[in-house]
Amino acid sequence: MHAIDALCDRLGGIEHSRDPRRLRAGSRDRFAQSPVLRDLLHGRTADVIIAPRTKDELRAAVAACARHRVPITVRGAGSGQFGQGVPLSGGAVVDVTGVAGVVGWTGAGVPTGVRALAGTVVADIDAATRPDGWELRMHPSTARQATVGGYIAGGHAGIGSCQWGILRDTGNITALEVMTVEEEPRLVELTGRDVNTVHHAYGANGIITEVELPVAPAWEWTELVVSFPDFARAARFSVDVCTSDGVLKKVVSPHAHPLPRYFPDLAPFVPDGHAMVLLLAAAQSLPNVEDLVHENGGEIRYRCREGEGVYGAPLYEFTWGHSMMHYQRVDRSLIGLLALYPHDGLHESIMRVHHDFADLGPLHLEMKRIDGGLSAQGSPVFSYQGRAHLAETTARLQDAGLAIANTHTPVLSASGMKPWGGKEAAFKREFDPYGLLAQGKADASAPADVSESTALPNSGWSYRLSR
Ligand SMILES: Cc1cc2nc3c(=O)[nH]c(=O)nc-3n(C[C@H](O)[C@H](O)[C@H](O)COP(=O)(O)OP(=O)(O)OC[C@H]3O[C@@H](n4cnc5c(N)ncnc54)[C@H](O)[C@@H]3O)c2cc1C
């Protein structure tokens with residue numbers, strides 16, 4: 001009997017489907033943001049989609065896949081942008097959105113963290129913890145859609161990273177419970193440095209079943225749209241507000257002219273020709289923010305309590321990965337690269353790129369701390385002109401001193417955002433002995449047409465690996 005038929009027989013009452021429409025929808029993520037991936041990943045689908053509702057059902061489904069050696073792609077909300085959620089060799093998509101719910105606080109007395117099942121929507125965690133005065137340190141701009149397991153397995157930073165650093169920075173993920181892929185799946189609790197072995201591994205070396213994250217005080221946050229006559233002053237303000245350690249902020253998102261025009265709901269606030277900084281700051285820090293805005297020649301054009309903006313969505317849904325979504329709504333050809341600016345001379349290197357790449361396109365940045373220092377991520381926003389031009393632009397930005405990760409590939413080694421070394425491979429051997437998870441994403445098994453045709457001459461990001 002065909003392995004998929006045998007698997008489906010074994011699934012019994014666990015919800016599953018082989019309906020082609022469901023398979024197509026469940027095998028896609030947001031890779032179409034990349035013109036490189038649009039054609040390459042189109043049409044790659046799973047053979048069956050399984051939707052367990054509990055951890056026990058998940059365990060039974062995984063056991064059945066292991067028994068019949070069926071490849072597994074784990075799926076959260078499918079909001080990953082690099083095609084990391086696309087099954088490259090068929091098999092089963094295991095949709096874990098049903099395995100959801102906040103488990104509870106950790107720590108006695110003052111909470112030290114919050115624990116949630118992997119399928120929990122990120123914003124639902126904050127909704128549960130805020131009444132007690134706490135919230136997650138960081139979340140993706142997709143918090144209202146993304147699952148917390150998908151964020152840990154496929155994301156890297158976001159709203160809060162200008163204060164707390166990225167997910168990978170020590171202390172930002174407390175613990176992960178991971179399920180192995182065996183005939184008798186085991187649950188393994190990871191803490192300390194081990195969490196980073198599974199973080200951003202696209203589900204290749206373990207299925208995350210529970211996540212424990214540290215919390216921060218839930219201040220009253222204010223959204224601000226700020227304009228500056230030129231990008232130099234917008235960038236200076238962005239660096240100044242981030243290096244003012246006492247100022248509490250969650251987002252600092254500068255956009256050079258004419259990018260504000262790409263946000264129809266924000267553009268009316270920003271005089272034509274001006275640069276824009278989108279900001280989320282704690283109410284008690286507003287006098288300090290106002291000082292820094294005025295010192296840098298800017299003007300606050302709009303402010304409101306978090307989530308109450310006239311633009312109809314939380315302001316963070318115009319930042320981070322959402323910015324490109326808005327640009328592409330106006331011009332589908334626009335893309336960017338995931339470039340990281342050095343800690344030293346940050347303002348100077350931002351301005352150098354702004355001037356030297358003016359021919360390419362205007363800069364969009366997200367300010368973030370990483371590895372103990374302030375940095376910015378982002379690149380000029382430019383029109384896709386083919387793979388040769390993309391490779392040439394990558395090389396030019398690297399020569400300008402930036403570290404580039406490739407966002408146009410589902411293959412980890414070609415992306416360069418996550419180190420995949422001996423420890424990651426050892427975890428994969430132990431937790432996924434049959435090599436069924438995320439086939440082609442993490443190891444040499446990537447189909448040549450995918451790994452070769454998505455490679456760029458990118459340096460990747462470097463981390464102090466001892467951390
Ligand atoms: C508009 C937009 C904005 C974005 N902004 C940000 C941002 O600010 N910060 C950021 O980091 N990312 C961002 N992203 C990327 C993406 O939204 C995040 O990575 C998100 O958290 C992914 O969650 P998800 O539930 O959609 O995961 P999915 O897309 O379903 O999965 C992501 C990856 O993780 C794997 N996976 C999912 N669940 C599990 C699990 N339980 N165990 C093991 N592996 C699993 C999948 O196989 C896949 O490889 C953005 C994407 C878009 C489209």
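Descriptive notes on the structure:
- Cα pair count fraction exceeding 21 Å, expressed as % - the range 1-86: 33 percent
- Low-density loop positions, GluC sites (Glu not before Pro), the range 232-339 - DSSP coil, at most 13 other Cβ in 10 Å: Glu308
- Long-range HN-HN contacts of Lys368 with modeled amide H, under 5 Å: Ser375, Ala376, Gln377
- Global dimensions of the chain from alpha-carbon coordinates: Rg and Dmax equal 21.9, 73 Å.
- Rg and Dmax of the range 221-405, Cα atoms only, in Å: 15.6, 49
- Folded to 0 to 90 degrees: helix 346-356 orientation relative to the chain principal axis, Cα: 90 degrees
- Förster radius 35 Å - calculated FRET efficiency between Ala448 and Asp19, Cβ distance, rounded to 0.05: 0.70
- For Asp359 and Arg387, a Förster radius of 22 Å and the Cβ-Cβ distance give a FRET efficiency of 0.70, rounded to the nearest 0.05.
- Per-residue ellipticity at 222 nm computed for the chain from its helices equals -8000 deg cm²/dmol, with DSSP H segments shorter than 4 residues left out and the rest contributing -39,500 (n - 2.57).
- Projecting the Cα atoms of Ala6, Ile208, Ala32 onto the charge dipole of the chain (Cβ charges, centred on the Cα centre) puts Ala6 farthest toward the positive pole.
- Distance cut-off 23 Å, percentage of C-alpha pairs in the range 368-467 lying past it: 37 percent
- Share of carbon and sulfur in the accessible area of the range 119-274 stands at 51%, probe radius 1.4 Å.
- Alpha-carbon centroids, the range 117-141 and the range 221-241: separation in whole Å: 27 Å
- Backbone geometry of the range 55-67 corresponds, through the Karplus equation with coefficients 6.51, -1.76 and 1.60 at θ = phi - 60°, to 3J(HN,Hα) couplings of 5, 5, 5, 4, 4, 5, 5, 5, 4, 5, 4, 5, 4 Hz, x marking Gly and Pro.
- The charge dipole of the chain, taken about its Cα centre with unit charges on the Cβ atoms of Lys, Arg (+1), Asp and Glu (-1) only, comes to about 720 debye.
- Isotropically averaged projected area of the range 102-217, using the convex hull of Cα atoms (one quarter of hull area), nm²: 6.9 nm²
The values are calculated or read from the model by the stated rules, or taken from the named source; none is laboratory data. Predicted, not measured: the structure shown is a model, and the values here were computed from it. Neighbour counts run over all protein chains shown; Cβ positions are idealised from the backbone, glycine included. Areas reflect the complete protein model, heavy atoms only, side chains present, ligands, DNA and RNA absent. Shrake-Rupley method; radii C 1.70, N 1.55, O 1.52, S 1.80 Å.
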